[in-house]
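Just so it is clear, none of the values below were taken in a lab; they were calculated from the coordinates. The structure presented is a predicted model; accordingly, all values stated were derived computationally and were not measured. Counting neighbours? That spans all protein chains shown, and the Cβs are built from the backbone with ideal geometry, glycine included.
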Amino acid sequence: MLHLTAWTLGRVFPSTAALPGLDAIDTKPFIRQLAREAPFTIRATLWASVLLFNLTPLLTLGIPLPAFLLSPARVDAHAQKLSGSNIYLLRQIVLMLKTIGGLAWGAMPELRAKFEMPAYPEDSGRWRQS
Amino acid sequence: MSGRHVAFQEGAAQAFDADYVVAGSGAGGAAAAITLARAGFRVALVEAGPWRDPEDYPSSMYGTMRDMFADWGQLVAMGNPLGKDAIIPIVQAKLVGGTPIINSAIVVRTPGDVLADWRERFGLGDVFNEASIGAKQDQIERELSVTETAGAGMGPSGAAMLKALIDRGAEGHAIHRNVRAACEGAMQCLQGCKRRNKRTANFLWIPELQNERGGIVLSCAPVDRVLLENGQAVGVTGRWQHPQTRQKGATFTVRAKRGVLVAASATGSAPLLQRSGIRLPALGQGWRAHPGAGVVGVYPETMDMHKGASQAVASLQYRESIGIKMEHLSLPMELFAARVGGAGQTLMHKLEDYRHCAMWVNAVRADAVGTVKQNWLGGVSVTYQPTKKDLERLRTGSKMIAEMHFSQGAYKVLPGVFGMKSEIGPDEVHLFDTAPLDNRCYTWVLSHLFGGCNLGKDPQTSVVAPDLHVRGVRKLHVVDAAAIPTTLGVNPQHTIMAMAMVAAERLVGA
Ligand SMILES: Cc1cc2nc3c(=O)[nH]c(=O)nc-3n(C[C@H](O)[C@H](O)[C@H](O)COP(=O)(O)OP(=O)(O)OC[C@H]3O[C@@H](n4cnc5c(N)ncnc54)[C@H](O)[C@@H]3O)c2cc1C
């Protein structure tokens, strides 16, 4: 699931000539952290979205194969069509992937540098214990 | 007279005593607690979330969802998602100091028409009126350093919106915020202002309550139930919860001689009363909001949403005529990525324009009424959908915002409406007129929430009587957004804080 999630987020946020995407970095540490820290509902919704993204090329492209077996161009067409699907819940899948993927993408130091924004310092996560 | 702070605890049950206990330390809870503490009462403030100091606030949006948002922002308002209803995210914080720590710090006085309406329809004039609310709002503005946004706080997107409003002949203003003039416009309002420029209770009122007024603060301490004995509230109980692992800790009980004030927010207070065994016909009913959605303009020059305050400019021009409040709202890149349409290469090409994008939003003074309740899984369910009329309001407002973007030189607009073209040019603004009236086609977000324990005279339609006590129970009060019986059409924190202070002061005098 870890590899499939990383691959899927990389397809939703692929690199372009101008911008690095999530396929340019190893998102597995991010996904592991999320799996460790996020509540069950968030994790379950993410895993379900990854699975549905991969199982729906039949609906978008008429191809009875999982997305991870398609060529890069076809996966891209699938991602785009899914995000514009007439079925609301399918659109929500992409929204979930964008919401979670966006957290990793927007924090990429190389991307922030491109936009002339400072890299984020580490979040301490501290709170008052007494 | 120094008090105590007790964070997450394991092991044996712990008990505390106070004059008053306040459950929830956000806009309403903190304001009520400090008022009671200054009057000499020993107050216990019990908060579900942890106490974070500004130095420890996160910078990234991942950290913000993890450390600041209530349960990672997973609460949503739903109708029937298999039918025609949308899933709408509800944003709130779970922290000592509550949602004001992550909010945009916009301070707007309670409009006179709202108070007049409450007087006429709900009989609230004796308690909440221009004089009582106004006096507390003066005090809040002084104590929280409310100033008009200027200088670096304005940012290019805010400045463009202000000019667009002026060019249109519409009212527009730099927002008043509980932010010191030193604001550097780092666009970190949502993550919490690490520079302490945003003045919030977690480093002002709550330390005062603990260090100078002998108060007790329990953090990481979600209240499970209000303790009721012989028709009277006598305290609260719950179990500490670790803010990272969510593991349950020891049981706590706080007994309060004089009374219990509930301030767990519009999504928390009604469920808390329900869990406590209170059964009133109106409990959990009458839930309202200002659903909001934005329109993005793409400009030839950089608009750099990361510069300036998260929100710097607003317009009240259409509050009464249409039922919308327009605001500039800058989003961090992480959230902007989810707001922009498409996926894959199409999405990325749009995101290449991030520095050239400005987003302006409409907060709708919605007619929609929903419910909030404790669900069988132990969580909270909110049922709420904007009405057709609300969608029309948004559509009208979105069209105006698109016109405003084009008036300032945007070369395209991203309407953010499914069923419309994903990008429109200056000649295509009319397409908003036929945009679908379907909630599933808009990226609604709910952040101004009201009701569930509505104030009023009629026992059938209200939970809290005009003297602020919960009907049928002695010494139990609701002092947060949950008690507000209507939408306001303006940002609510100032009203919530002032109402909580007025309510607390009445207890002092009683
Ligand atoms: C992103 C965002 C931006 C906003 N911007 C503005 C703005 O600029 N201006 C404005 O006026 N308003 C703004 N608002 C709205 C405003 O912040 C809220 O209306 C206001 O904070 C609500 O006050 P409250 O006391 O009802 O709830 P909150 O401030 O949410 O406080 C409730 C507290 O109770 C705690 N709690 C919940 N359940 C329990 C329990 N069982 N036991 C103990 N504690 C519990 C919560 O953890 C929370 O800390 C914004 C909101 C958001 C989300």
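Shielding of A:103-110 by partners, i.e. mean partner chain Cβ atoms within 10 Å per residue?
Partner-chain Cβ atoms within 10 Å, mean over residues of A:103-110: 6.
I need the calculated FRET efficiency for the pair A:ARG74 and A:SER124, taking r as the beta carbon distance and R₀ as 56 Å, to the nearest 0.05.
With R0 = 56 Å, the Cβ-Cβ based efficiency is 0.85.
Calculate, in nm to one decimal, what B:ALA150 and B:GLU428 gain on full extension: separation in residues at 0.36 nm each, minus their alpha carbon distance.
The B:ALA150-B:GLU428 span can extend by a further 96.7 nm.
State to the nearest 20 debye the size of the charge dipole of the protein assembly as shown about its Cα centre, where the only charges are +1 on K and R beta carbons and -1 on D and E beta carbons.
1300 debye
How far, in degrees from 0 to 90, does helix B:130-143 lean away from the longest principal axis of the Cα atoms of chain B, to the nearest 10?
80 degrees
By how many degrees, 0 to 90 and rounded to 10, does the Cα axis of helix B:27-38 deviate from the longest principal axis of chain B?
Helix B:27-38 and the main axis of chain B meet at about 40 degrees.
Averaged over B:346-357, how many beta carbons belonging to a partner chain fall within 10 Å of each residue's beta carbon?
Working: counts 6, 14, 13, 4, 0, 10, 6, 1, 6, 4, 0, 0.
That average works out to 5.
If the viscosity is 1.002 mPa s and the temperature 20 °C, what Stokes-Einstein diffusion coefficient in µm²/s follows for the protein assembly as shown when Rh is the Kirkwood radius over Cα pairs?
Estimated via Stokes-Einstein, D reaches 86 µm²/s.
Ranked by Cβ crowding within 10 angstrom, fewest neighbours first, how are B:CYS193, B:CYS453 ordered?
By the 10 Å Cβ count, ascending, the order reads B:CYS193, B:CYS453.
For an R0 of 56 angstrom, estimate the FRET efficiency from the Cβ-Cβ distance between B:MET78 and B:ASP126 and round to the nearest 0.05.
0.90
Of the listed peptides B:88-99, A:119-130, what is their order by residue-averaged count of other C-beta atoms within 10 Å, with the highest listed first?
B:88-99, A:119-130
To the nearest Å, what is the center-to-center distance of the stretch B:321-400 and the stretch B:287-312, using C-alpha atoms only?
Cα centroid of the stretch B:321-400 versus Cα centroid of the stretch B:287-312: 11 Å apart.
Quick one: go through the stretch A:115-129 and flag any residue whose amide nitrogen is under 19 Å from the point 7 Å out along the Cα-to-Cβ line of B:ASN211.
Residues A:127-129 qualify, since their backbone N sits under 19 Å from the label point.
I need to check one value: relative contact order of the stretch A:2-114, counting alpha carbon pairs closer than 8 Å and at least 6 residues apart, in percent.
Values: 117 pairs, mean separation 32.9, N = 113.
Computed over the stretch A:2-114, the figure is 29 percent.
With all distinct Cα pairs included, what does the Kirkwood hydrodynamic radius of the stretch B:268-405 come out to in Å, to one decimal, could you say?
For the stretch B:268-405, the Kirkwood estimate is 17.3 Å.
Quick one: length gained pulling B:ARG279 to B:ASP438 fully straight, 0.36 nm per residue minus the C-alpha distance?
Gain on extension, B:ARG279 to B:ASP438, equals 53.8 nm.
So which GluC sites (Glu not before Pro) in the stretch B:272-378 end up in coil per DSSP with only 15 or fewer other C-beta atoms within 10 Å? Present the calculation step by step, with values, prior to reporting the outcome.
On the way: sites: B:GLU301, B:GLU320, B:GLU327, B:GLU334, B:GLU352; in loops: B:GLU301, B:GLU320, B:GLU352.
Qualifying residues, ordered by number: B:GLU301, B:GLU320, B:GLU352.
Only Lys, Arg, Asp and Glu count, each charged at its Cβ (+1, +1, -1, -1), so figure out the dipole size of the stretch B:45-174 about its Cα centre, rounded to 20 debye. The partial results should precede the final answer.
Values: 11 positive and 18 negative charges, 71 e Å.
Result for the stretch B:45-174 is approximately 340 debye, rounded to the nearest 20.
What is the Cα convex hull volume of the stretch B:383-510 when expressed per residue in Å³?
Working: hull volume 15.9 nm³, N = 128.
Expressed per residue, the convex hull around the Cα atoms of the stretch B:383-510 is 124 Å³.
Treating only the Cβ of Lys, Arg, Asp and Glu as charged (+1, +1, -1, -1), what charge dipole size does the stretch B:1-98 show about its Cα centre? Round to the nearest 20 debye.
Value, rounded to 20: 200 debye.
Which value in nm describes the separation of the simple spin-label points at A:LYS28 and A:PHE40, placed 7 Å from the Cα toward the beta carbon?
Reported label-point gap for A:LYS28 and A:PHE40 is 2.8 nm.
Checking a compactness column here: for chain B, what do you get for Rg(Cα) / (2.2 N^0.38 Å), N being the number of residues?
Dividing the Cα radius of gyration by 2.2 N^0.38 Å gives 0.94.
With axes computed from alpha carbons, what is the tilt in degrees of helix B:155-168 against the longest principal axis of chain B, rounded to the nearest 10 within 0 to 90?
Around 70 degrees separate the two axes.
Explain nothing, just the number: relative contact order of chain B, from Cα pairs under 8 Å at least 6 residues apart, as a whole percent. Display every interim value, and only then the final one.
Numbers: 1312 pairs, mean separation 120.7, N = 510.
Over chain B, the number comes to 24 percent.
Taking only DSSP H segments of four or more residues, each worth -39500 (n - 2.57), what value at 222 nm results for chain B once the sum is divided by all its residues, to the nearest 500 deg cm²/dmol?
Here the helix-only value at 222 nm equals -7000 deg cm²/dmol.
Residues of A:118-124, mean number of Cβ from any other protein chain within 10 Å of their own Cβ, rounded to a whole number?
6
Could you give the spread of the C-alpha atoms of the stretch B:184-273 along their three principal axes, from largest to smallest, in whole angstroms?
54, 32, 25
If we count other beta carbons within 10 Å of each Cβ, what is the order of B:LYS475, B:LYS457, fewest first?
Going from sparsest to densest Cβ surroundings: B:LYS457, B:LYS475.
I want to check the label-to-label distance for B:ASN230 and B:ARG506. Put each point 7 Å from Cα in the C-beta direction and report it in nm to one decimal.
With each label placed 7 Å out from Cα toward Cβ, I get 2.5 nm.
Among B:HIS356, A:HIS3, B:HIS242, which comes first, second and so on when ranked by fewest other beta-carbon atoms within 10 Å?
A:HIS3, B:HIS242, B:HIS356
Once you put a point 7 Å from the Cα of A:ALA18 and another 7 Å from the Cα of B:GLU352, both along the Cβ direction, what distance in nm separates them?
Placing both labels 7 Å beyond Cα along the Cβ direction yields 0.4 nm.
Mean projection of the alpha-carbon convex hull of the stretch A:2-114 over all orientations, in nm²?
So the mean shadow area of the Cα hull is 6.9 nm².
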